[in-house]
Amino acid sequence: MKTNKSFAKRLKLTKNGKIIARKTGQNHFNSKESGRGQLAKKRGVTFIMNNKAKSRYLVNM
């Protein structure tokens, strides 16, 4: 089975095997956010994925 490259590009694999994804709501309307809110959006969020999905999406990452 081929890896879904469009989805794999949105994720980052850490050294310990955790999957980090981009936090939602970053594209526009950020000037209304407080400084603390803007910084919180820049941090990644841990992405939970079962083994079947990992093998499907992240085979060649």
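Derivation of every value follows stated rules applied to the coordinates shown; laboratory data play no part. If you're wondering where the values come from, they're calculated on a predicted model, not measured in any experiment. Backbone-built Cβ (ideal geometry, glycine too); neighbour counts: all protein chains shown.
Taking the charge dipole of the chain about its Cα centre, with +1 at Lys and Arg Cβ atoms and -1 at Asp and Glu Cβ atoms, the residue from Gln26, Ala40, Asn16 reaching farthest to the positive side is Asn16. Around Lys12, what is the net charge, scoring Lys/Arg as +1 and Asp/Glu as -1 over all other residues with Cβ under 10 Å from its Cβ? So the environment of Lys12 carries a net charge of +4. For the pair Gln26 and Leu13, label points projected 7 Å from Cα toward Cβ lie 2.0 nm apart.
Extension gain, Phe47 to Lys5, is 13.4 nm, computed as 0.36 nm per intervening residue step minus the present C-alpha separation. Our helix-only sum for the chain, with -39,500 (n - 2.57) per DSSP H run of n ≥ 4 divided by its residues, gives a mean residue ellipticity at 222 nm of -7500 deg cm²/dmol.
Run the Debye formula on the Cα coordinates of the chain, all scatterers equal and no solvent, and tell me log10 I(q)/I(0) at q = 0.15, 0.16, 0.17 1/Å. Result of the Debye calculation: -0.55, -0.60, -0.65.
For the set Lys9/Lys41; Lys2/Lys41; Lys5/Lys42; Lys2/Lys23; Lys9/Lys42, the pairs lying more than 28 angstrom apart at their alpha carbons are Lys2/Lys41. Computed about its Cα centre, the charge dipole of region 5-57 is approximately 200 debye, with only Lys, Arg, Asp and Glu carrying charge at their Cβ.
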